[in-house]
Amino acid sequence: MAPKPGRAGATMASLCLGIALVSPSAATVDPILERGRTVFLTYCAGCHGFDGLAFLPFAPSFAMGERMYKSDYELLRSIRRGRNGMPSWEGKLPDDWLTAALAYIRFMDRAGREGAPVANQVPAYFFLFPTNPGAARPAYLVIPD
């Protein structure tokens, strides 16, 4: 069961000291990017890295532009269905969370190309998945010290 949209976002935003989420060419905070950052740090960063540099060999490094040549449709399809070792997120997280996470992934890519890569602190908790793509896919909740 997915957490309620308001609770997870508010909790992560209050627990994480972070960068101001602005588009690289604008000076206003974007609430979709804030939601996307929360979703990314909680559900994606355990494999794709907190700053978009992947920890696992099968996970693309979004901050380095890996897979960013794909269309939003193709990337959302991969997010929904899963790919290689990544689990399927369809039906597990609300669709607007998935599209917000993709917006944040695109933000990380743009920020890196413009010479201002994101630097996120490790969140209060996040999920990690097995590194064997063929394994059953239990999720591990990680709570750093």
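Here, each number is a calculation from the coordinates, and none is a lab measurement. Just so we're clear, the structure is a prediction, and the values are computed from it rather than from any experiment. Every residue, glycine as well, gets a Cβ built from its backbone with ideal geometry; the counts of neighbours run over all protein chains shown.
The calculated FRET efficiency for Y73 paired with A124, based on their beta-carbon distance and R0 = 30 Å, is about 0.35. In loop segments of segment 68-132 as defined by DSSP, the chymotrypsin sites (Phe, Trp or Tyr not before Pro) with at most 12 further C-beta atoms inside 10 Å of their C-beta are Y69.
Loop-located GluC sites (Glu not before Pro) in segment 56-126 (DSSP state not H, G, I, E or B) with no more than 16 neighbouring Cβ atoms inside 10 Å: E66, E114.
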